[in-house]
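First comes the structure, then the notes that go with it.
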Amino acid sequence: VQLQASGGGLVQPGGSLKLSCAASGTIFSSGNAAWYRQAPGKQREWVATINSGGFTRYTDSVKGRFTISGDNTKNTVYLQMNGLKPEDTAVYYCRQWRSGRDDYWGQGTQVTVSS
């Protein structure tokens, strides 16, 4: 299974982007998915998680601004990012896994928030 992340780009502060993470196989529909990010010179950090039941969690810094969602029919997970700030600048990585079975990461997509 391969994950393909897309949707990154350059956006002004306050703008929006929607990231997509498409899997070549069926993972999320019976497992979990998450987004992480890594800013220059910093460790990778967890951003948001969704499970197959639709339960979501977010790191405090993105609550109220980011929304994680999934489409089982397309094996795709999304991250809608609104109210972007310069500190959201990072490479965003998606992950899909089934506990105790498998664990897949996407290649990363660059998000740059700058005026």
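Quick notes on this structure:
- Leading residue by the ranking (surrounded by the most Cβ atoms within 10 Å (Cβ to Cβ)) among those in segment 29-62 that are hydroxyl-bearing (Ser, Thr, Tyr) and part of a helix (DSSP H, G or I): SER29
- Scanning segment 1-10 for residues that are crowded, with 21+ Cβ neighbours inside 10 Å and within 15 Å of GLN80 (Cα to Cα) returns a single hit, ALA5.
- Taking the criterion of being under 21 Å from GLN43 (Cβ atoms) and either polar (S, T, N, Q) or open to solvent by less than 20 Å² (accessible area, probe 1.4 Å) (or both), the residues of segment 97-115 that qualify are GLY106, GLN107, GLY108, THR109, GLN110, VAL111, THR112, VAL113.
- Filtered by the rule that a residue be loosely packed, with under 15 Cβ neighbours inside 10 Å, closer than 25 Å to PRO40 by Cβ and not polar (S, T, N, Q), segment 65-96 gives GLY83, LYS85, PRO86, GLU87.
- Filter pass, THR26 being of a type in the set (S, T, N, Q), open to solvent by 40 Å² or more (accessible area, probe 1.4 Å) and over 15 Å from the mean Cα position of the chain (by Cα): yes
- Every condition in (1) out of contact with any strand residue (DSSP E or B) (no Cβ under 6 Å at 6 or more places or on another chain); (2) closer than 15 Å to ALA5 by Cβ is met by SER52 except one, and the failing one is (2).
Condition check ((1) β-branched (Val, Ile, Thr); (2) free of Cβ contacts under 8 Å to residues at least 60 places away in the same chain; (3) farther than 22 Å from PRO86 by Cα) across all residues:
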| site | (1), (2), (3) |
| --- | --- |
| GLN12 | no, no, no |
| SER24 | no, yes, yes |
| ILE27 | yes, no, yes |
| TRP35 | no, no, no |
| LYS42 | no, yes, no |
| THR59 | yes, yes, no |
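The values are calculated or read from the model by the stated rules, or taken from the named source; none is laboratory data. What you are looking at is a predicted structure, and each value in this text was computed from that prediction instead of being measured. For neighbour counting, all protein chains shown are included, and Cβ atoms are generated from backbone atoms with ideal geometry for every residue, glycine included. Only protein heavy atoms, including side chains, enter the accessible area calculation; ligands, DNA and RNA are left aside. Shrake-Rupley method; radii C 1.70, N 1.55, O 1.52, S 1.80 Å.
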